[in-house]
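Quick note: the coordinates plus some simple rules give every number you see, no bench work behind them. Because the structure is a prediction, the values reported are computed rather than measured. Every residue, glycine among them, receives a Cβ derived from its backbone with ideal geometry; neighbour counts consider all protein chains shown.
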There are 2 protein chains.
Amino acid sequence: MSEKKRKAPKPGTPVRGSSTGRPVMVLIELLGRRWVLRILWELRGETPLTFRALQEACGGVSPSVLNARLADLRETGIAEHRDEEGYALTPMGRELLDKLMPLTGWAESWAQSLEK
Amino acid sequence: MSEKKRKAPKPGTPVRGSSTGRPVMVLIELLGRRWVLRILWELRGETPLTFRALQEACGGVSPSVLNARLADLRETGIAEHRDEEGYALTPMGRELLDKLMPLTGWAESWAQSLEK
DNA sequence: TCTTTCTGCTACTGAAAACGTAGCAATGAG
DNA sequence: CTCATTGCTACGTTTTCAGTAGCAGAAAGA
């Protein structure tokens with residue numbers, strides 16, 4: 001064995017361009033990976049989504065990438081897979097999403113300011 | 001052809017996996033690009049940063065990518081380049097950053113919950 | 001003027017990540 | 001057994017990123 005390539009960035013672990021592993025840096029690294037924000041967004045509902053439902057919700061993202069991202073989110077305790085139900089956010093992940101929801105409002109006024 | 005590839009996603013423009021161009025989707029697409037969140041973060045100070053200073057702040061990100069991301073952020077009215085000063089957030093970009101700052105607190109408790 | 005030192009980049013090559021499609025093993029229903 | 005659905009893995013192609021080199025313009029000094 002040995003170790004497969006480490007994938008999910010965790011607090012305390014150095015990330016690209018920052019050797020400190022400061023939590024906020026690690027979070028920035030994680031959220032900056034393609035599809036991570038989108039997955040969080042699509043998991044905002046109350047009911048879990050199956051792998052394939054989630055894949056479809058993300059516009060047909062390839063299963064390999066989706067699986068990799070879900071692994072990241074599971075390793076970092078943000079999402080989880082519930083047997084017989086599907087993927088859902090953990091309580092911690094739910095709190096993160098709550099912090100991100102205000103972006104919707106900002107995005108709206110952003111759109112308006114750009115269309116002028 | 002003629003058109004260079006368009007780069008910055010703007011509200012109203014379809015993005016990967018979502019044809020609607022809904023502002024929040026576009027924002028998710030933009031923030032999900034590598035280095036975008038980090039750049040916002042590094043521009044949180046009051047004084048503008050030069051291209052090179054920003055590059056260093058981002059841990060030596062390659063100039064080609066940095067330039068591409070700055071172009072994205074400028075096209076979308078989030079950052080701007082001020083002559084004789086450097087790169088800084090626009091008022092709109094500053095508001096976006098304000099929405100993101102609470103992530104710091106979340107990241108701290110996230111880190112704690114993981115190290116146990 | 002001729003360097004030197006900043007500036008904001010562009011160009012290029014190679015590596016890594018993502019895409020897109022196919023398909024497999026496991027489970028459950030009929 | 002067949003068929004559908006589940007969560008994926010494999011793999012070849014395309015896109016993106018990384019890493020290094022270097023250029024042109026402005027300013028400053030000798």
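Values as computed for the structure displayed
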read-out: Percentage, to the nearest whole number, of Cα pairs in the range B:5-49 over 17 Å apart; value: 41 percent
read-out: Relative contact order (percent, whole number), the range B:35-101, Cα cutoff 8 Å, 6+ residue spacing; value: 34 percent
read-out: Cα-centred dipole magnitude for the range A:40-89, charges only on beta-carbon of K, R (+1) and D, E (-1), debye, nearest 20; value: 160 debye
read-out: Shielding by partners, peptide A:30-43 (average Cβ within 10 angstrom, other chains); value: 4
read-out: Order of A:GLU115, B:GLU42 under a 10 Å beta carbon neighbour criterion, fewest first; value: A:GLU115, B:GLU42
read-out: Cα principal axis extents for the protein assembly as shown, largest first, Å; value: 58, 39, 34
read-out: Mean Cβ count within 10 Å, highest first, over the residues of peptides A:105-112, A:71-78, B:47-54; value: A:71-78, A:105-112, B:47-54
read-out: Label spacing, shortest first and in nm, from A:VAL65 to its equivalents in the remaining copies (7 angstrom along Cα→Cβ); value: 1.5
read-out: Peptide-level mean, for B:96-109, of C-beta atoms on other protein chains within 10 Å; value: 5
read-out: Relative intensity, log₁₀ I(q)/I(0), of the range B:35-101 from a Debye sum that treats every alpha carbon as a point, q = 0.14, 0.17, 0.24 Å⁻¹; value: -0.33, -0.50, -1.05
read-out: Positive minus negative residues near B:LEU97 (Lys, Arg vs Asp, Glu; Cβ under 11 Å); value: 0
read-out: Relative contact order (%) - criterion: Cα under 8 Å, at least six apart; region: chain A; value: 20 percent
read-out: Three-way shape call for chain B based on the alpha-carbon gyration tensor, with the a/c threshold at 1.5; value: oblate
